[in-house]
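Below is one structure, written out as structure tokens, with a few remarks after it.
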Amino acid sequence: MKLEDFGLSIGTVRRLKRAGWNTVGDVVNAAMRTGCSGEMELLKYRGVGRTTVWEFMSRLDTRMRLAIFFANAANEPRSEAE
């Protein structure tokens with residue numbers, strides 16, 4: 001998914017793109033490259049600060065929770081009355 005479509009502020013998208021990432025997957029892959037926490041890895045990039053990392057991680061957490069919720073809801077058996 002493109003960063004522009006992820007619901008981030010314009011400034012956060014601009015900073016992440018300046019660091020060389022164009023998709024959500026690019027940022028997640030960069031965060032997971034080392035054994036340290038993802039947030040610490042992202043902070044190593046010039047122009048990417050705590051606010052940018054916090055906004056990205058918060059949005060990622062929200063999207064993951066929604067995906068899990070809807071996946072679970074789709075798998076729940078429906079009662080005969082519905």
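Readers should treat all values here as calculations from the given coordinates under stated rules, not as data from a laboratory. Quick caveat, the model's predicted, so the values are computed rather than measured. No Cβ is skipped: glycine too gets one built from the backbone with ideal geometry, and neighbour counts run over all protein chains shown.
Full-extension gain between GLU39 and ASN72, please, as 0.36 nm times their residue separation minus the C-alpha to C-alpha distance.
9.0 nm
Just to be sure I understand the curve: with the Debye formula and one point per C-alpha of the chain, what is log10 I(q)/I(0) at q = 0.14, 0.18, 0.25, 0.27 Å⁻¹?
Treating every Cα as an identical point scatterer, log10 I(q)/I(0) equals -0.51, -0.73, -1.23, -1.37.
Spin-label point model (7 Å from Cα, Cβ direction): what's the MET1 to ARG14 distance in nm?
Label at MET1, label at ARG14, 2.3 nm between them.
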